[in-house]
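*Asks:* Structure provided below as structure tokens; questions to follow.
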Amino acid sequence: MARLVVVSNRVADPSQAVAGGLAVALGDALHATGGLWFGWSGAIAEGGAPGEGALHVQQAGNVTLATVDLCEQDHAGYYLGYSNSVLWPVFHYRLDLARFDAGYIGAYRRVNQLFARQLMTQLLPDDIIWVHDYHLIPLAAELRAMGCTQRIGFFLHIPLPPQPVLAAIPQHEWLMRALFAYDLVGFQTEADLLHFSRYVQAEAGAEDLGQHRFRAFSRTVQAGAFPIGIDVDEFAALTHAKSAIDMYKHMKHEYGRRKLLLGVERLDYSKGLPQRLRAFQALLKKYPENLRSATLIQVASPSREDMGTYTDLLQELEGLCGAINGDFGELDWMPIRFMHRNVARECLPGLYRVARVALVTPLRDGMNLVAKEFIAAQDPADPGVLVLSRFAGAAAQLKEALLVNPYDTDGTADAIQRALQMPLQERQARHQKLLENIRTQDVHWWRKKFLQALGEAGRT
Ligand code: GDG
């Protein structure tokens, strides 16, 4: 069996107990064939030169972890710059937040070239290479330019916006042309796939060969939708382990008299946090029976802290929480508990399980794994209700959630009220269907489906 090579911006050691679902799933695949995981080490080398970075290779069982350091300038231009100030906002439809600094693209190319150069030294002739996410769009093109002939697949974890939005990126043609160096390009949803298909036909004159195969730039690429899932069994096991049970009991004791609502995400403007807080505020105004009772715990774990847009967002959220707590709070009840901290992964399922309602209301999200984790952690006999944004990729699969438009404050408040009042039978019926869905299309299904399609995608 061919060896699997996974390439992503960050590398997780799959043998570590704290590794998340994706690391576990990719780890499984890597273990099965004995694999290589390649990416940035997370270290910024002081005094390093642009485009240069030492390679570190270590063994974790039968998986080789190969990582490259970046210098300060490359980290600033490639990671903070092009990846997170251009691609992340634009791919999440936020042209207003994009910063098209002319210096970023040079660093983005340089780091992709550096990765390609270092990766080439590690490759075996029959390797199958799987590249992940927006940081590494041009990697295959760089590898091909260095003579790489192995099969290469790409999976985009974030949304692909429609052509008029994508075209705002000055290098949009170059980026999309780079995708044709892959054998397979995977997206989260059919909607993303449609955006790809429309873009390449309209902007690159691509020929549609049927079954999502496209020919342009003298190359043929296979595209597909592969909605990512979670490791349901791993998450269920976490739910029944001590840390999660302790967390559940503690929260039940603290909040037993309250109706608990929960939001968990990285602090990011794509997640719709201000809009969610306003919807919760509207709920308290419109449905006063929730006063002294409904409590929203919002975990916003620190993310990309060295970027200004994230600091602004934090300030906005702290202001909103202060205003809502100030207006509605009582000596013995605070409507919102806002935590700008990371909750230990082992405790998360306990928190999910104690919540009556989860608010997963991003303005735009590739998939959203929190929605799936919440479902996996529920007690099927007395499950909580998922309020889910129609703009999360997960909404295409999780139809039994209460789907909302997060821009519609009143509509979202109404859905939250409906969730809080939902009778047990309806909660059970919805949860059963949702659980079936995340079980059938779990992360192992996703990985196998992608790798099978990559194996079948013949390059011409
Ligand atoms: C990208 C795409 C796509 C969050 N807070 C804490 C914490 N988390 C964990 C969750 C979940 C993960 O982080 C977040 O995954 P999401 O899918 O919700 O969102 P992104 O990080 O934006 O991920 C997304 C995903 O890639 C996969 O393709 O679904 O659309 O944007 O696992 O549990 N974990 C811990 N403490 C926290 O405070 N331990």
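The values are calculated or read from the model by the stated rules, or taken from the named source; none is laboratory data. Note that this is a predicted model, so its numbers are computed, not measured. Here the Cβ is made from the backbone with ideal geometry for all residues, glycine too, and neighbour counts use every protein chain on show.
*Asks:* Out of (1) crowded, with 17+ Cβ neighbours inside 10 Å; (2) free of Cβ contacts under 8 Å to residues at least 40 places away in the same chain, what's the single condition that is false for Gln171?
*Replies:* (2)
*Asks:* State whether one or more residues within the range 303-320 are β-branched (Val, Ile, Thr) and in contact (Cβ under 8 Å) with a residue 60 or more places away in the chain.
*Replies:* Narrowing the range 303-320 to residues β-branched (Val, Ile, Thr): 309, 311.
After this cut, where a residue has to be in contact (Cβ under 8 Å) with a residue 60 or more places away in the chain as well, the list is 309.
Looking for residues that are β-branched (Val, Ile, Thr) and in contact (Cβ under 8 Å) with a residue 60 or more places away in the chain, one finds at least one in the range 303-320, hence yes.
*Asks:* Quick check on the range 346-355. Is at least one of its residues near the ligand (Cβ under 8 Å from one of its atoms) and closer than 21 Å to Gln432 by Cβ?
*Replies:* no
*Asks:* Just to check your reading of the model, which residue among Met307, Met367, Met334 is near the ligand (Cβ under 9 Å from one of its atoms) and either more than 24 Å from Ser243 (Cα to Cα) or in contact with a helix residue (DSSP H, G or I) (Cβ under 8 Å, 6 or more places away or on another chain) (or both)? Show your work before the answer.
*Replies:* Numbers: Met307 fails: near the ligand (Cβ under 9 Å from one of its atoms); Met334 fails: near the ligand (Cβ under 9 Å from one of its atoms).
Going through Met307, Met367, Met334 in turn, the sole match is Met367.
*Asks:* Mind checking which residues of the range 430-460 are polar (S, T, N, Q) and under 18 Å from Tyr182 (Cα atoms)?
*Replies:* Listed by number, the residues that qualify are Gln452, Thr460.
*Asks:* Spot the failing condition for Ala32; the list is (1) assigned to a strand (DSSP E or B); (2) over 24 Å from Asp306 (Cβ atoms), and only one is missed.
*Replies:* With respect to (1) assigned to a strand (DSSP E or B); (2) over 24 Å from Asp306 (Cβ atoms), Ala32 is out only on (1).
*Asks:* Kindly establish whether Leu451 is within 24 Å of the chain's Cα centre (by Cα), at negative phi, in a helix (DSSP H, G or I) and not assigned by TED's automatic domain parsing to the domain that holds Ala377.
*Replies:* On the way: within 24 Å of the chain's Cα centre (by Cα): yes; at negative phi: yes; in a helix (DSSP H, G or I): yes; not assigned by TED's automatic domain parsing to the domain that holds Ala377: yes.
Answer is yes for this residue.
*Asks:* In this structure, is Pro227 assigned to a loop (DSSP other than H, G, I, E, B) and under 23 Å from Val404 (Cβ atoms)?
*Replies:* Against the criterion (assigned to a loop (DSSP other than H, G, I, E, B) and under 23 Å from Val404 (Cβ atoms)), Pro227 qualifies.
*Asks:* Would you check which residues across the range 293-310 are more than 15 Å from Asn342 (Cβ to Cβ) and surrounded by 13 or more Cβ atoms within 10 Å (Cβ to Cβ) and list them? Outline the logic, then answer.
*Replies:* Just the residues of the range 293-310 that are more than 15 Å from Asn342 (Cβ to Cβ), to begin with: 293-296, 306-309.
If the condition is that a residue be more than 15 Å from Asn342 (Cβ to Cβ) and surrounded by 13 or more Cβ atoms within 10 Å (Cβ to Cβ), then Ser293, Ala294, Thr295, Leu296, Met307, Thr309 are the ones that fit.
*Asks:* While we're here: Identify, from the list Leu260, Leu209, the residue that is closer than 22 Å to Met339 by Cα and modelled with pLDDT of 95 or more. Even if it seems obvious, please write down each step before you answer.
*Replies:* Details: Leu209 fails: closer than 22 Å to Met339 by Cα.
Going through Leu260, Leu209 in turn, the sole match is Leu260.
*Asks:* Working only within the range 405-460, note down all residues that are touching a Phe, Trp or Tyr at 6+ places or on another chain (Cβ under 8 Å) and under 25 Å from Phe235 (Cα atoms).
*Replies:* Trp446, Lys449, Phe450, Leu451
*Asks:* Do we find that Gln281 is outside the structural domain of Asp96 (by TED's automatic domain parsing) and more than 21 Å from the chain's Cα centre (by Cα) in this structure?
*Replies:* Answer is yes for this residue.
*Asks:* Moving to a separate point now. Among (1) surrounded by 20 or more Cβ atoms within 10 Å (Cβ to Cβ); (2) assigned to a helix (DSSP H, G or I), there is one condition Ala181 misses while meeting the rest; what is its number?
*Replies:* (2)
*Asks:* Answer with yes or no whether Arg266 is surrounded by fewer than 22 Cβ atoms within 10 Å (Cβ to Cβ), within 14 Å of the ligand (Cβ to nearest atom) and at pLDDT 95 or above. Steps first, please.
*Replies:* Working: surrounded by fewer than 22 Cβ atoms within 10 Å (Cβ to Cβ): yes; within 14 Å of the ligand (Cβ to nearest atom): yes; at pLDDT 95 or above: no.
For Arg266, the condition - surrounded by fewer than 22 Cβ atoms within 10 Å (Cβ to Cβ), within 14 Å of the ligand (Cβ to nearest atom) and at pLDDT 95 or above - is not met.
*Asks:* Within the group Ala279, Ala300, which residue is of a type in the set (Gly, Ala, Ser), within 16 Å of the ligand (Cβ to nearest atom) and either under 12 Å from Pro335 (Cα atoms) or in contact with a helix residue (DSSP H, G or I) (Cβ under 8 Å, 6 or more places away or on another chain) (or both)?
*Replies:* Within the list Ala279, Ala300, the selection yields Ala300.
*Asks:* What about Val387, is it within 16 Å of the ligand (Cβ to nearest atom), among the hydrophobic types (A, V, I, L, M, F, W, C) and assigned to a strand (DSSP E or B)? Walk me through it before giving the result.
*Replies:* Numbers: within 16 Å of the ligand (Cβ to nearest atom): yes; among the hydrophobic types (A, V, I, L, M, F, W, C): yes; assigned to a strand (DSSP E or B): yes.
Criteria met by Val387.
*Asks:* Moving on. Could you say whether any residue in the range 290-298 is small (Gly, Ala, Ser) and either over 15 Å from Leu320 (Cα atoms) or under 16 Å from the mean Cα position of the chain (by Cα) (or both)? Break it down into steps so the answer makes sense when it comes.
*Replies:* Just the residues of the range 290-298 that are small (Gly, Ala, Ser), to begin with: 293-294.
If we keep only those that are either over 15 Å from Leu320 (Cα atoms) or under 16 Å from the mean Cα position of the chain (by Cα) (or both) as well, we get 293-294.
Within the range 290-298 (the criterion being small (Gly, Ala, Ser) and either over 15 Å from Leu320 (Cα atoms) or under 16 Å from the mean Cα position of the chain (by Cα) (or both)), the answer is yes, since at least one residue qualifies.
*Asks:* Any residue at all in the range 262-277 that's under 30 Å from Ile129 (Cβ atoms), in a strand (DSSP E or B) and not assigned by TED's automatic domain parsing to the domain that holds Pro161?
*Replies:* Step one: filter the range 262-277 for residues under 30 Å from Ile129 (Cβ atoms), giving 266, 268, 270.
Now narrow it down to the ones that are in a strand (DSSP E or B): 266.
When the remaining residues are screened for being not assigned by TED's automatic domain parsing to the domain that holds Pro161, the result is 266.
Among the residues of the range 262-277, at least one is under 30 Å from Ile129 (Cβ atoms), in a strand (DSSP E or B) and not assigned by TED's automatic domain parsing to the domain that holds Pro161, which makes the answer yes.
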